[in-house]
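Colleague: One structure coming up, written as structure tokens, with questions to follow.
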Amino acid sequence: MSLGTHLTMKLNDGHFMPILGFGTSAATKVANSKVEEATERAIGAGYRHIDSAYIYQNEEEVGRALQKKMADGTVTRDDLFFTTKLWSTCLRPEFVQTILERSLKKLQLSYVDLCLIHFPVALKFGEELLPKDTQGRLIFDQVDLCATWEAMEHCKEAGLTRSIGVSNFNRRQLELIINKPGLRHKPVCNQVECHPYLNQSKLLNFCKSKDIVLVAFGALGFDIEKEWVMKNFPVLLRDPVIKAIADKHGRTPAQVALRYQLQRGLVVLAKSFNEKRMRENLQVFDFQLTAEDMETLDSLDRNVRYYQQTDFCDDPNYPFFDEY
Ligand code: NDP
């Protein structure tokens, strides 16, 4: 980690990733214009790592926000670390480059800093994000993830993305890629749900042993407005133990949840479209949780997974049946 204005983590391919990122995924009811405004405000507030994805369906607006902040002199392209992800309908190796080029065009960028395989399950290729048969069942596709990975390696070598990684992969799926004969580029990261109720300690240890960064999403306990988030689970930021630690440090539960991940060596994403909370989430570099606080937070782990994508569970590559 370097101690600059924007703390970064060195990736296994030599590039640097800011350790706190801004999430651009929103509930369907949130207008894309709000995402555009929020992304502009986030860059204005100081975020330099922006996390996006094709499936968020807002790449044009997010791209416009980046362009505006570059045009008004707030940032240059080099100041930003920008991530996109290949959705499950785009995993056929022959389409990977074209799909990434389509995202770049929408974003008005010539490259992204990071491109991820969004989820290890493949769906039928096409315009529909969740292709279904006449009985309303998802149509899966048989795709060799190693072949998709080779197409990703090609995109990196072609300069369309500086780094490549995965998301929602379990240990077995990560091993499949890193043990692939002829591997040219290892995944730099695995972006997964991670918070005190699902602290991913085993996956974290495995990733650290392979020099793969774990990037935490849902670190604030997820946006429960989203249709695909499991309801009826405890609300992380209302946890009395987290609240007590926050009170002790004169901080908020959200700041404690973010700081927890940073002290464990993760990169952490935080989404807020509210300017006050957005700024609050950036104030996590000027306090330290004690070893005892960290142990107490570790003890909250209870296998609460807010993001399960259960409609994918009939596919053999569904990642969440393995222990980790
Ligand atoms: P987070 O866990 O980051 O945030 C959850 C909710 O917390 C937000 O909706 C926000 O609402 C609220 N919040 C934010 N800051 C505070 C605060 N200081 N105090 C109280 N409440 C707060 O949610 P996400 O689910 O969006 O995850 C973050 C990002 O991770 C996504 O935007 C996306 O980029 C990525 N992601 C990746 C996935 C993958 O499969 N790879 C899956 C899901 C997410 P408000 O806006 O009202 O402040």
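The values are calculated or read from the model by the stated rules, or taken from the named source; none is laboratory data. Just so it is clear, the model here is predicted, and its values are computed rather than measured. Please note: Cβ atoms are built from the backbone with ideal geometry, for glycine as well, and neighbour counts cover all protein chains shown. Heavy atoms of the whole protein, side chains included, go into the accessibility calculation; ligands, DNA and RNA do not. Shrake-Rupley method; radii C 1.70, N 1.55, O 1.52, S 1.80 Å.
Colleague: Can you give me the long-range amide H partners of L123? Hydrogens built in the peptide plane at 1.01 Å from N, cutoff under 5 Å, separation of 5 or more residues or another chain.
Modeller: T89, C90, L91, D141
Colleague: If you don't mind, there's one more thing I want to ask. Tabulate in residue order the Karplus-calculated ³J(HN,Hα) for region 233-241, using 6.51 cos²θ - 1.76 cosθ + 1.60 with θ = phi - 60°, rounded to whole Hz; enter x for Gly and Pro.
Modeller: Per-residue couplings from phi come out as 9, x, 8, 3, 6, 9, 5, x, 5 Hz.
Colleague: Can you count the Lys pairs in region 198-324 with C-alpha separation below 19 Å, eight or more apart or on different chains?
Modeller: Going through region 198-324 pair by pair, I get 4.
Colleague: Convert 20 °C to kelvin, take the viscosity as 1.002 mPa s, use the Kirkwood radius over C-alpha pairs of the chain as Rh, and evaluate the Stokes-Einstein diffusion coefficient in µm²/s, rounded to a whole number.
Modeller: Translational diffusion coefficient: 107 µm²/s.
Colleague: On to the next question. If R₀ is 25 angstrom, what is the calculated FRET efficiency for the pair E227 and D141, using the beta carbon separation as r and rounding to 0.05?
Modeller: Here the calculated transfer efficiency is 0.60.
Colleague: Now for a separate question. Can you compute the charge dipole magnitude of region 1-153 about its Cα centre, using +1 on each Lys and Arg Cβ and -1 on each Asp and Glu Cβ, nothing else charged? Give it in debye, rounded to the nearest 20.
Modeller: In debye, rounded to 20, region 1-153 gives about 400.
Colleague: Could you give each residue of region 143-152 its phi-based ³J(HN,Hα) in whole Hz, using Karplus coefficients 6.51, -1.76, 1.60 with θ = phi - 60°, and x for Gly or Pro?
Modeller: Running phi through 6.51 cos²θ - 1.76 cosθ + 1.60 with θ = phi - 60° gives 10, 7, 4, 5, 5, 4, 4, 4, 5, 5 Hz.
Colleague: Here's a follow-up. Please compute, over every Cα-Cα pair in region 89-195, the percentage with a separation greater than 23 angstrom.
Modeller: Summing the P(r) tail past 23 Å for region 89-195 gives 28 percent.
Colleague: Show the residues, 5+ positions off or on another chain, whose built amide H is closer than 5 Å to the amide H of F16.
Modeller: Residues meeting the criterion, in which the H sits 1.01 Å from N, are L11.
Colleague: So how much slack lies between N274 and C313, counting 0.36 nm per residue of separation and subtracting their Cα-Cα distance, in nm? All intermediate terms of the calculation are to be shown ahead of the outcome.
Modeller: Values: separation 39, 0.36 × 39 = 14.04 nm, distance 3.40 nm.
Contour length minus the Cα-Cα distance gives 10.6 nm.
Colleague: For a quick check: with amide H placed at 1.01 Å from N, whose amide H comes under 5 Å from R162's, ignoring anything fewer than 5 positions away on the same chain?
Modeller: Hits under the 5 Å cutoff: V112, D113, L114.
Colleague: Each residue of region 72-83 in turn: what ³J(HN,Hα) in whole Hz from Karplus with 6.51, -1.76, 1.60 and θ = phi - 60°, glycine and Pro shown as x?
Modeller: Karplus-based 3J(HN,Hα) across region 72-83 equals 8, x, 5, 9, 10, 4, 5, 6, 9, 10, 10, 10 Hz.
Colleague: Below 8 Å, C-alpha to C-alpha, sequence gap of six or more: please give me the relative contact order for region 149-306 in percent.
Modeller: Reported as a whole number, the value is 22 percent.
Colleague: Using a 1.4 Å probe on the protein chains only, how many percent of the accessible area of the chain belongs to carbon and sulfur?
Modeller: 50
Colleague: Counting only the heavy atoms of the protein chains, how much of L220 is accessible to a 1.4 Å probe, in Å² to the nearest 10?
Modeller: 30
Colleague: Taking the full set of protein chains and a 1.4 angstrom probe, give the accessible area of S272 in square angstrom, rounded to the nearest 10.
Modeller: 10
Colleague: Around D79, with a cut-off of 10 angstrom between Cβ atoms, what is the net charge of the other residues, counting Lys and Arg +1 and Asp and Glu -1?
Modeller: Result for the neighbourhood of D79: +2.
Colleague: Here's something else I'd like to know. Keeping all protein chains in the complex and leaving out DNA, RNA and ligands, what accessible area do you get for M294 with a 1.4 Å probe, in Å² to the nearest 10?
Modeller: 30
Colleague: Out of region 53-132, which GluC sites (Glu not before Pro) are coil in DSSP terms and have no more than 11 other C-beta atoms within 10 Å?
Modeller: E127, E128
Colleague: Oh, and also: Where in region 234-324 are there GluC sites (Glu not before Pro) that are in a DSSP coil and have at most 13 other Cβ atoms within 10 angstrom of their Cβ?
Modeller: Of the GluC sites (Glu not before Pro), the ones in loops of region 234-324 whose Cβ has at most 13 other Cβ atoms within 10 Å are E323.
Colleague: With no solvent and one point on each alpha carbon, what is the Debye value of log10 I(q)/I(0) for region 69-139 at q = 0.15, 0.21 Å⁻¹?
Modeller: Log10 I(q)/I(0), no solvent term: -0.59, -0.91.
Colleague: Using the Cα centre as the reference, give the magnitude of the dipole from point charges on the C-beta atoms of the chain (Lys, Arg: +1; Asp, Glu: -1; all else neutral), rounded to the nearest 20 debye.
Modeller: Numbers: 41 positive and 43 negative charges, 87 e Å.
Around 420 debye, computed over the chain.
Colleague: Okay, moving on. Would you mind calculating the relative contact order of the chain from Cα pairs under 8 angstrom and at least 6 residues apart, reporting the percent as a whole number?
Modeller: Over the chain, the number comes to 18 percent.
Colleague: In addition: Between beta-carbons, use under 15 Å as the cut-off and find the net charge around F273, counting Lys and Arg +1, Asp and Glu -1. Can you show the working numbers first?
Modeller: Details: positive: K29, K34, R41, K226, K271, K276, R277, R279; negative: E36, E37, E40, D51, E61, D223, E225, E275, E280.
Residues close to F273 contribute a combined charge of -1.
Colleague: What size of dipole, in debye to the nearest 20, comes out for region 263-317 about its Cα centre when the only charges are +1 on Lys and Arg C-beta atoms and -1 on Asp and Glu C-beta atoms?
Modeller: The dipole magnitude comes to about 300 debye.
Colleague: For a Förster distance of 45 Å, can you work out the FRET efficiency between the beta-carbons of D13 and D133, rounded to the nearest 0.05?
Modeller: Efficiency, from the Cβ-Cβ distance: 0.65.
Colleague: Taking 0.36 nm per residue of sequence separation and subtracting the Cα-Cα distance, how much length would be gained by fully extending the chain between D322 and N205, in nm to one decimal?
Modeller: Extra length available between D322 and N205 comes to 40.5 nm.
Colleague: Just want the answer: with Cβ charges of +1 for Lys and Arg and -1 for Asp and Glu, which residue in S88, V30, T8 is farthest toward the dipole's positive end in region 1-104?
Modeller: V30
Colleague: Right, something else. Which percent, to the nearest 5, of DSSP beta bridges fully inside the chain are antiparallel?
Modeller: DSSP beta bridges in the chain are roughly 25 percent antiparallel.
Colleague: In the Gaussian network model of the chain, springs joining C-alpha atoms below 10 Å, which of R172, R64, R137 carries the largest mean-square fluctuation?
Modeller: Of R172, R64, R137, the Gaussian network model singles out R137 as fluctuating most.
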